[in-house]
Amino acid sequence: MENVDDFMEEYLKTSFRDALLEKMHEPKIKSIIRTIVHKRLGSFPEYTCEWETAEKCTSDILRIVDEQFLKTGSYANRERFKNQKLINHQTKKDYVESYLFTAVHTYCTAKQVKCNQGRKEIRDEHGNIIQTAKKRGKAARAADGNDKLELAVLSESFGLSSISDEVIEKTTEYLKKLHLNEKEIRCFWDRMDGQTFVEMADEYQESNASKEKSMPDLYRKRYQRLLKKIGTKKNKVFDLMTRDSHHSGNQALGNGGFFVSNDETG
């Protein structure tokens, strides 16, 4: 692609993305994607809805393509993959469809790793490894209560509508004591309410996001920074957030369950 002028490169990037988006909306392709995510992720409680998982999968693939096309300069590997993608788009007839299905499987593999329950290494009598060890994934560790804040993010039943204004206010005051600024506190509550970084970028459209090249990166990095500030105080923050749950007698996240609201009509 070094011999292709900037105009041609921009044309190819637009052409590839449009073709990818069109392919994603083909009924047959959508059905195949749902089948793949159901087979590979349907057994995990976090991904029981194949429709929702398929939508999140395709959105994530588009986000990655957009990030890859936007970032240049020192991102040598990303630049190489971008160039190869555009070359293949020019020269291979069914490349977009092939790329899409490969990306779907990559997405599923990443989620399987996240939810992996872990396993021990097993050797036979001769010392040969017959089963390799695997670490527990992030979601599995959260379910153990090892990362209570992450469990709150993963829980479909936890959200700002489930807790009182008083609890939100007291938790916010504590976050300020941990030196979180206003934007970090807003990012914290958005994340606890289940928002993705892409959704945050769409909602706020911060001008500083342009410096990040990819807008969701601004919020992803902000969230990572605020978690570092919280540090060893995660359990304290969690206990403050779930005070309503403790007071109402509901089973709290920290006891291995999910946050449950008092409203049982829904």
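Inside segment 39-54, residues that are over 17 Å from T106 (Cβ atoms) and assigned to a helix (DSSP H, G or I) make up a count of 5.
Is at least one residue of segment 117-134 modelled with pLDDT of 85 or more, exposed (fewer than 14 other Cβ atoms within 10 Å of the Cβ) and over 18 Å from V37 (Cα atoms)?
No, there is no match, as no residue in segment 117-134 is modelled with pLDDT of 85 or more, exposed (fewer than 14 other Cβ atoms within 10 Å of the Cβ) and over 18 Å from V37 (Cα atoms).
Of all the residues in segment 39-62, those that are buried (at least 18 other Cβ atoms within 10 Å of the Cβ) and not acidic (D, E) number 9. Note on segment 204-251: among residues that are of a type in the set (A, V, I, L, M) and modelled with pLDDT of 80 or more, the one that is farthest from D60 (Cα to Cα) is L240.
The single condition among (1) modelled with pLDDT of 80 or more; (2) in a loop (DSSP other than H, G, I, E, B) that D60 does not satisfy is (2).
Of these, A76, A152, which one is at pLDDT below 70 and outside the structural domain of E22 (by TED's automatic domain parsing)?
Working: A76 fails: outside the structural domain of E22 (by TED's automatic domain parsing).
After ruling out the rest, the residue left standing is A152.
In segment 159-186, the residues that are at pLDDT below 90 reach residues that are surrounded by fewer than 16 Cβ atoms within 10 Å (Cβ to Cβ) and of a type in the set (A, V, I, L, M) with C-beta atoms within less than 8 angstrom, at least six apart or across chains, in these pairs: I168/L160.
The values are calculated or read from the model by the stated rules, or taken from the named source; none is laboratory data. Model, not experiment: these values are computed from the prediction. Here the Cβ is made from the backbone with ideal geometry for all residues, glycine too, and neighbour counts use every protein chain on show.
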